[in-house]
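Below you'll find the structure, written out as structure tokens, and then a few comments.
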Protein chains: 4
Amino acid sequence: MDQPIGIAVVGAGYWGPNLVRNAQATPGLKLRYLCDLDTERARRVLGDYSTVRVSGSLDDVLADPAVDAVAIATPAATHLPVALAALRAGKHVLVEKPLAASYEDGLELVREAESRGLTLMLDHTFVYTPTVQHLRHLVRSGEIGSVQYLDSVRINLGLVQPDVDVLWDLAPHDLSIFDAILPDDVRVTRVSAHGSDPIGAGRACVGHLTLELSDGVLAHVHVNWLSPTKIRTMIVGGSRRTVVWDDLNMVQRLSVHDRGADRVEGDEDRRQAIISYRRGDTVAPALPEKEALRGVMQEFAASIAEKRAPLTDGWSGLRVLAILEAASASLAGGGEFVTVRDVPGRGATGLAQEEAVA
Amino acid sequence: MDQPIGIAVVGAGYWGPNLVRNAQATPGLKLRYLCDLDTERARRVLGDYSTVRVSGSLDDVLADPAVDAVAIATPAATHLPVALAALRAGKHVLVEKPLAASYEDGLELVREAESRGLTLMLDHTFVYTPTVQHLRHLVRSGEIGSVQYLDSVRINLGLVQPDVDVLWDLAPHDLSIFDAILPDDVRVTRVSAHGSDPIGAGRACVGHLTLELSDGVLAHVHVNWLSPTKIRTMIVGGSRRTVVWDDLNMVQRLSVHDRGADRVEGDEDRRQAIISYRRGDTVAPALPEKEALRGVMQEFAASIAEKRAPLTDGWSGLRVLAILEAASASLAGGGEFVTVRDVPGRGATGLAQEEAVA
Amino acid sequence: MDQPIGIAVVGAGYWGPNLVRNAQATPGLKLRYLCDLDTERARRVLGDYSTVRVSGSLDDVLADPAVDAVAIATPAATHLPVALAALRAGKHVLVEKPLAASYEDGLELVREAESRGLTLMLDHTFVYTPTVQHLRHLVRSGEIGSVQYLDSVRINLGLVQPDVDVLWDLAPHDLSIFDAILPDDVRVTRVSAHGSDPIGAGRACVGHLTLELSDGVLAHVHVNWLSPTKIRTMIVGGSRRTVVWDDLNMVQRLSVHDRGADRVEGDEDRRQAIISYRRGDTVAPALPEKEALRGVMQEFAASIAEKRAPLTDGWSGLRVLAILEAASASLAGGGEFVTVRDVPGRGATGLAQEEAVA
Amino acid sequence: MDQPIGIAVVGAGYWGPNLVRNAQATPGLKLRYLCDLDTERARRVLGDYSTVRVSGSLDDVLADPAVDAVAIATPAATHLPVALAALRAGKHVLVEKPLAASYEDGLELVREAESRGLTLMLDHTFVYTPTVQHLRHLVRSGEIGSVQYLDSVRINLGLVQPDVDVLWDLAPHDLSIFDAILPDDVRVTRVSAHGSDPIGAGRACVGHLTLELSDGVLAHVHVNWLSPTKIRTMIVGGSRRTVVWDDLNMVQRLSVHDRGADRVEGDEDRRQAIISYRRGDTVAPALPEKEALRGVMQEFAASIAEKRAPLTDGWSGLRVLAILEAASASLAGGGEFVTVRDVPGRGATGLAQEEAVA
């Protein structure tokens, strides 16, 4: 990596400052620009002491050959034009979730990137936390046995978004985590969604997703903008161990329980007798402290340098989009199960990716 | 109340000993019998120091004029014959939830009791906790404003029941609590249920209920026998306050949050601007310590003595049964919304009941 | 154990009912009397359904040859005359902590019991919890390495006792736990005590004990009647593991941390470099649910039947008394270290006891 | 504040980067230099994108007239020469705790600053958290009544410092908080300290301070480098309310309990009867989120601009030093109470400061 990868951050709003900070701190990256139509806002983000250039023109930034890559933190509706322009200018792209405002838009981006041999990576930040990396290991290595159910709760008093409902705002986190930790050959096949808008905001502020996986397992996601109490809990029930992730428990985020109920093969007539219960120890693995976005930037730099797909590549973004679109259809249809589009690509490069990140 | 009410407990299994203990400790009640086909088991429950009589014959017990009332803690499938026999013998009846194995059976019991002028009461234990009593006050007095959503999670590593699924086993708690705290004119109109049986137990071990209330509010219930972690949380979101009940938080079960999002009437074009957020104090009300089942027994004795309907009367049991039957139909139908039977009677005596308990 | 051991409970106040309940439930014991000067109170404790006899006369109870043993739950000031009378009547004695109001009184009881070959056991209830039993195993087996420090916090809003200060009321719990878990050859040599009486109650309501152990280790105990928040935490720091016991954490009472700082032997000149830090996993061992007082009663019955010293014998009670007396002297002297009386007997029968309980 | 205050940060070690970041973000301040003998380290702290100058020469920095103020984050032993040089060069000084390595050194700094009319401020960071600001209000306004006891626990697995023991490393936080929240006329008069060094680090790694206040109240501080579990709890018991501060409870840092025990004036003979217990509601006040160090920088800039003493002025640093020296003397003397030096100045400007910060 003799020459650092020149990068521009596009968008100086809520998430942009985090991209700026982490791009600056990542070896192998050289931050060239912060680009925003509102150049005053961009200057405020950089502060009074920065040598990074501000630009109000995406075209100018993309025209600069010192820019090899672009990190996009603009509203979802603009992802298609911005990312497309970047790809067409030959730049690698890191894009905030969701990949695009629709599956079709997202597919166009993925194809554009593939046809040009450019990296297209999703900023599925949680996937790069030490917690999810360990969870991914526990699930994919078989340590917890086969997955029996998943349950995720992500609720707090959150900003009612002007353009998307709570499912599109929050559930991408859960869906991208499921995508990263489950085996490559397991995918979400059907979705049932319920939602409500008790404050008259004009879109669902409380949402429930029931996901049917290709191996028959059910997963559930509860997202909520109106809860005064912040809860971020995910349970991954396995046939050998069950993992509980409480993201607000600073001292013990992950708990691996040797507890559960099993069906023991035996006399079919006496159903009750053949359930056995384990009540063993609980282990809280030691996890390193690391800012997730640092890992995102490192993976982005490494996937460009090594000319390989990143862990959260465009296809992972498409899989999340496919589920969100099915969820919206279910919500509109009163909660009935809606089949999720079959997204090509999952698993094709999974193992290589796993090693790259570990 | 010159003469104490003679009572017999029927069923010496899991719940019976609790009924025995609380019946003995309740002024106004005189425990005459513990009745179980397995008289040895009944004797073990009473221990070596008790003057209470054991009987293996329900007929004998019901024939004893010293028995005015019967508390039934037998399997749900037997509630109809046992309770019917008791009512026909002129005894008041307290019955463990659910009221009966089906709505039709339950209705038969309610009508029998009404026609004879006897008390038929459900042992909806949670309703008699100081926590639910206070929650009922907060909701029904309007202190939290109008209810916007309800969310209940009741999960732990529980016994896989031989006869019922997790919805019928655990959700009656949540449904009876909703029934007790919501205003009289609000009822559950439709139910969508999802469930899974990941261990091959032969019935749903993980269940999700989405309930539509008559005022358009959505409520959600998550019940789970397979979780290694015990969670018992209910959130009641209101337009003025939101209440979070964490039943495992010994030092602060109820938290009343002056936090939330509101839609402010105003310029319809600028949707985002008209959501306002409150981030005020949180109050944890002081609650007395009191065993809930003691309150159940006191209400049973009082409703008999005062010849009035108890707070959790037969109709409340029927309303819970109607929801459970709709949930089972939804589960069988793949999660579609199923209309809940319209149960007569709700609200007819609600206010009087409230005062009686407070 | 052909013939059950006849037992009488003396004292129907705060703790007596628990002794009554557990004596009745323990195989091998036969509860004969509940004895209290206030026979009405004793009758209320037994309730309306008990075959146990009430007596207002200790003499009568002690004269009954069907009474083999006595469990005493009277105020500490009366322990000497009541227990002495029981021992002189040839009865085995279980006595609530503290053993007596003074070391001299306690020693008289121990000698009386020894000279008569009778069991004298302290109701150091916490020692019989599964938690302390496991903690005892972790410490004494060497699994946590050598003990480096102990810290116990036992604070809540508690009743200001009329006769004793907070040290005598609460610290016996901590001191008896230390006594049970530490190796036999380690004892408390010196005590420094601070206390305050901010509400003018006439005795210390907040207390701090600093204990010096014979191996140089320091232990600290904080007891407090005035805290609105209940905290019951004990930390046992070891050279290999550190155990944190949070008694109010229902789902994870014990946490065994493979975390700590160690001094590595090496270059003495560079002090900082030779401290190494472990940040390994945390294990929460699965512990059975068991009422501690049941274990107390079982040990009492077993020690009588097997004619052996109980785990918490009179000497353990004396060791606690010796520390309390030194603490009172330190408190009176302004917090200076006071040497603890050397109590004979510790360790003589320790290993045998450990096996008996396990 | 037409012209921003030019500031240099001295010391690019553990704390320096935080000073750099917050100095840059504070209006009214203009960061001119990061100064460290190790200029490479200083450059790494600033990163590749900064316009701030690096200097390896304190003399050069102090000679620059564009530098009006200096923030010092060097080891405590160097505070005297560095701060003295800065003051003599006419610069205002913000210094990391403790003020100096000894009371005498600290006093020299305070006098130097006073004689020159320069601001000398302590970076007692916690004092500027919204939590402590609110706690200060609750105590000083009388809302909690008169303070009856204070108890602070600050334990975790922390770095064994090469130059100071755990009391000097951690207790300054607690002592400066006490100093900020207590009324001006209350001060610490005597200290008893116990400590232990179970890992052979060469200095106390576990420490307990018992502080006697001038109004007779006792305060206790437990600091510990060896605890695998992080606990940061402070209890301020008042005659009307008791405040519990759990700094690791993200959702409820402060709890104001209307709970406690009071002595009621009355019949002196019946001591027990005259204690009354309150068990009222608990209120968790809404507190803003704000980085404490931002508040430090703002107060530093404001006190310079307004030519007034900062909230945590040199005298507050001296008061903390006086207690630490007394604690060290007590530790050396086996835990006996040692009288704390009487520090002039406390309270002279307190009320003005309070308003300035609020």
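The values are calculated or read from the model by the stated rules, or taken from the named source; none is laboratory data. None of the values given here were measured: they were computed from a predicted structure. Glycine gets a Cβ as well: all are built from the backbone with ideal geometry, and neighbour counts include every protein chain shown. Quick note on the areas: whole protein, heavy atoms, side chains included, nothing else; ligands and nucleic acids left out. Shrake-Rupley method; radii C 1.70, N 1.55, O 1.52, S 1.80 Å.
Compute the signed sum of charges (Lys and Arg +1, Asp and Glu -1) over the other residues within less than 12 Å, Cβ to Cβ, of B:G207.
Values: positive: B:R154, B:R203; negative: A:D151, B:D165, B:D169, B:D174, B:D197.
That works out to -3.
Determine the shielding of peptide A:277-288 by partner chains: average, over its residues, the number of Cβ atoms on other chains within 10 angstrom of each Cβ.
On the way: counts 4, 3, 6, 3, 6, 10, 5, 7, 3, 8, 2, 1.
Mean shielding by partner chains, rounded to a whole number: 5.
Pairs of Cα atoms under 8 Å, at least six residues apart: use those to get the relative contact order of region D:5-118, whole percent.
Values: 197 pairs, mean separation 28.4, N = 114.
Rounded, it is 25 percent for region D:5-118.
Run the numbers for B:R111 and B:Q3: contour at 0.36 nm per residue of separation, minus the present Cα-Cα distance, in nm.
Numbers: separation 108, 0.36 × 108 = 38.88 nm, distance 2.78 nm.
Contour length minus Cα-Cα distance gives 36.1 nm.
Excluding ligands, DNA and RNA, what is the accessible area buried between chains D and B, summed over both sides, using a 1.4 Å probe, to the nearest 100 Å²?
On the way: alone 16210 and 16220 Å², together 31790 Å².
Interface area, both chains combined: 600 Å², rounded to the nearest 100.
Determine by what factor the alpha-carbon radius of gyration of region A:109-222 differs from 2.2 N^0.38 Å, reporting the quotient.
Numbers: Rg = 16.1 Å, N = 114, 2.2 N^0.38 = 13.3 Å.
Ratio of Cα Rg to 2.2 N^0.38 Å: 1.21.
State, to one decimal in nm, how far the label point of D:D38 lies from the label point of D:M250, with both points 7 Å from Cα in the Cβ direction.
3.2
If the label point is 7 Å along Cα→Cβ of C:S57, which residues in region C:22-38 have backbone nitrogen under 13 Å from it?
Inside the label zone: nothing.
In nm, one decimal, shortest first: how far is the label point of B:G90 (7 Å from Cα along Cα to beta carbon) from the matching points in the other copies?
For B:G90, the inter-copy label distances come out at 5.7, 10.1, 10.8 nm.
Output, in nm with one decimal and in ascending order, the distances from the D:M250 label point to the matching label points of the other copies (7 Å from Cα along Cα-to-Cβ).
For D:M250, the other copies' label points sit at 0.9, 2.4, 2.6 nm, shortest first.
Once you order the gyration tensor axes a ≥ b ≥ c over the Cα atoms, which shape class does the protein assembly as shown get: rounded for a/c under 1.5, otherwise prolate or oblate by comparing a/b with b/c? It would help to have the intermediate numbers written out before the result.
On the way: a/c = 1.91, a/b = 1.16, b/c = 1.64.
Note, shape of the protein assembly as shown comes out oblate.
Probe 1.4 Å, all protein chains in place: accessible area of C:D151 in Å², nearest 10?
That residue has around 10 Å² of solvent-accessible surface.
For the cross-link pairs B:K97/B:K290; C:K91/C:K230; B:K91/B:K230, which exceed 28 Å when the distance is taken from alpha carbon to alpha carbon? Mind showing how you got there, number by number?
On the way: B:K97/B:K290 21 Å; C:K91/C:K230 38 Å; B:K91/B:K230 38 Å.
Where the Cα-Cα span goes over 28 Å, the pairs concerned are C:K91/C:K230; B:K91/B:K230.
Using the heavy atoms of the protein chains and a 1.4 angstrom probe, tell me the accessible area per residue for region D:5-118 in square angstrom. Working shown, then result.
Details: 4610 Å² over 114 residues.
About 40 Å² of surface per residue is accessible.
Relative contact order, percent, of chain A when contacts are C-alpha pairs under 8 Å separated by at least 6 residues? Don't jump to the answer; show the numbers that get you there.
On the way: 730 pairs, mean separation 63.1, N = 358.
Dividing the mean separation by the residue count of chain A yields 18 percent.
What number comes out for the charge environment of A:G90, summing +1 per Lys or Arg and -1 per Asp or Glu over other residues with Cβ under 12 Å away? Please report the intermediate quantities before stating the final value.
Details: positive: A:R88, A:K91, A:R116; negative: A:D64, A:D68, A:E112.
Local charge sum for A:G90: 0.
By Kyte-Doolittle mean hydropathy of at least 0.5 and Cα axial length of at least 24 Å, which whole DSSP H helices of chain C are selected?
Numbers: long enough: C:314-332 (27 Å, 1.09).
The qualifying helices are C:314-332.
To the nearest whole number, what is the average tally of beta carbon atoms from other chains within 10 Å of the beta carbons of peptide C:330-337?
Partner Cβ neighbours, averaged per residue: 3.
Using a Debye calculation, one point per C-alpha and no hydration shell, please list log10 I(q)/I(0) for region C:9-103 at q = 0.14, 0.16 Å⁻¹ in order.
Log-scaled intensity ratios, in q order: -0.45, -0.59.
How would chain C be classified by its alpha-carbon gyration tensor: rounded, prolate or oblate, with rounded meaning a/c under 1.5 and the a/b versus b/c comparison settling the rest? Intermediate results must be reported in sequence, preceding the final value.
Values: a/c = 1.87, a/b = 1.62, b/c = 1.15.
Since a/c reaches 1.5 and a/b is larger than b/c, the shape of chain C is classed as prolate.
Just to check I understand the Karplus step: with θ = phi - 60° and J = 6.51 cos²θ - 1.76 cosθ + 1.60, what whole-Hz values come out for region B:236-247, glycine and proline as x?
After applying 6.51 cos²θ - 1.76 cosθ + 1.60, I find 10, x, x, 6, 10, 9, 10, 9, 10, 10, 10, 6 Hz.
Compute the label zone of B:D64 within region B:6-47: residues whose backbone N is under 12 Å from the point 7 Å along Cα-to-Cβ.
B:6-10, B:30-36
Per residue, how much accessible surface does region A:174-308 expose to a 1.4 Å probe? Answer in Å², no decimals.
Details: 4960 Å² over 135 residues.
About 37 Å² of surface per residue is accessible.
Rounded to the nearest 500, what is the protein assembly as shown's calculated 222 nm mean residue ellipticity when only DSSP H runs of at least 4 contribute -39500 (n - 2.57) each, over all residues? Let's see the in-between values first.
Numbers: 40 runs with 464 residues, N = 1432.
Helices in the protein assembly as shown give a 222 nm mean residue ellipticity of -10000 deg cm²/dmol.
Suppose you put the label 7 Å out from Cα in the Cβ direction; list, shortest first and in nm with one decimal, how far B:D38 is from each other copy's label.
Distances between equivalent label points, in nm: 4.1, 7.1, 7.2.
For every other residue with a beta carbon closer than 15 angstrom to the beta carbon of B:R190, add +1 if it is Lys or Arg and -1 if Asp or Glu, then tell me the sum. Present the calculation step by step, with values, prior to reporting the outcome.
Details: positive: B:R187, B:R319, B:R341; negative: A:E336, B:E212, B:D215, B:E325, B:E336, B:D342.
So the surrounding residues net to -3.
What average count of beta carbons from other chains do you get within 10 Å of the Cβ of residues in A:184-197?
Values: counts 0, 0, 0, 0, 0, 0, 2, 0, 7, 1, 10, 2, 10, 5.
So the per-residue partner count for this stretch is 3.
What accessible surface, in Å², does a 1.4 Å probe find on D:D262, ignoring ligands, DNA and RNA and rounding to the nearest 10?
30
Between B:R88 and B:R308, what FRET efficiency comes out of the Förster formula 1/(1 + (r/R0)^6) with R0 = 25 Å and r the beta carbon distance, rounded to 0.05? List each step's numbers first, then the result.
Working: r = 22 Å, r/R0 = 0.88.
Using R0 = 25 Å, I get an efficiency of 0.70.
Carbon and sulfur: what percent of region B:5-118's accessible surface (1.4 Å probe)? Let's see the in-between values first.
Working: 2280 of 4610 Å².
Roughly 50 percent of what the probe reaches on region B:5-118 is carbon or sulfur.
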